[in-house]
Amino acid sequence: MDDAELVLARAMVATITGNRPRVSPAEVTELLLSSLELAEGDFTVHIHHPEDFLILFSSVATMRRLHDEHLLCSPRFSLSLRPWCKLAHANADGLGYRVELELRGIPAHAWHLATAGHELLGGEVAPSHAFARRPRRLPSHRPRA
């Protein structure tokens with residue numbers, strides 16, 4: 001993973017703006033070469049999702065030369081550029097823990113997962129999946145010797 005992030009540290013993502021015509025990597029390459037002081041071999045253009053293109057530069061110094069250029073325009077399309085970021089499309093979510101419960105001394109009429117989740121453990125269990133949201137808050141009962 002670290003090697004990939006080192007390569008992507010010298011990458012930018014590009015999105016077609018406006019009416020979003022179909023654009024090829026060759027057209028993006030031509031726009032970069034004609035608009036900026038870049039030469040062939042300074043970068044490569046790849047189709048990328050969810051943005052339209054990933055531009056890999058030969059060095060961080062080459063990428064920094066156009067760091068202030070955020071919008072490039074050709075007669076047919078406009079290109080919005082920004083540095084690649086691994087957190088760009090990330091989202092946070094809680095991860096549950098699967099736990100096995102053995103309930104003793106519970107009357108038969110209370111044998112339901114909702115009982116365990118709500119009444120016994122204070123809502124710390126997601127009843128539909130039987131996952132503990134905060135396993136550290138589960139009561140610990142040790143067998144008596």
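The values are calculated or read from the model by the stated rules, or taken from the named source; none is laboratory data. Everything numeric here is computed off the predicted structure, so don't read it as measured data. Virtual Cβ from ideal backbone geometry, glycine too; neighbours counted across all protein chains shown.
Structural remarks
- Subset tally (residues that are more than 15 Å from H70 (Cα to Cα) and in contact with a strand residue (DSSP E or B) (Cβ under 8 Å, 6 or more places away or on another chain)) for segment 27-51: 8
- Matching residues in segment 1-19 - criterion: being under 17 Å from S74 (Cα atoms) and in contact (Cβ under 8 Å) with a residue 40 or more places away in the chain: A14, T15, I16, T17, G18
- Complete set of residues in segment 51-71 that are surrounded by 18 or more Cβ atoms within 10 Å (Cβ to Cβ) and in a loop (DSSP other than H, G, I, E, B): E51, D52, L66
- Condition check for A92: in a loop (DSSP other than H, G, I, E, B), modelled with pLDDT of 80 or more, closer than 30 Å to A14 by Cα and not assigned by TED's automatic domain parsing to the domain that holds V7: no
- Scanning segment 26-48 for residues that are hydroxyl-bearing (S, T, Y) and either farther than 20 Å from A61 by Cα or surrounded by fewer than 17 Cβ atoms within 10 Å (Cβ to Cβ) (or both) turns up S34, S35, T44.
- S80 vs. criteria surrounded by 14 or more Cβ atoms within 10 Å (Cβ to Cβ), within 24 Å of the chain's Cα centre (by Cα) and among the hydroxyl-bearing types (S, T, Y): yes
- Segment 1-25 - residue that is of a type in the set (G, A, S) and farther than 16 Å from P50 by Cα and, of those, surrounded by the most Cβ atoms within 10 Å (Cβ to Cβ): A9
- Subset of segment 1-47 (residues that are under 15 Å from L81 (Cβ atoms), outside any helix (DSSP H, G or I) and among the aliphatic types (A, V, I, L, M)): A11, M12, V13, A14, I16, V23, L36, L38, V45
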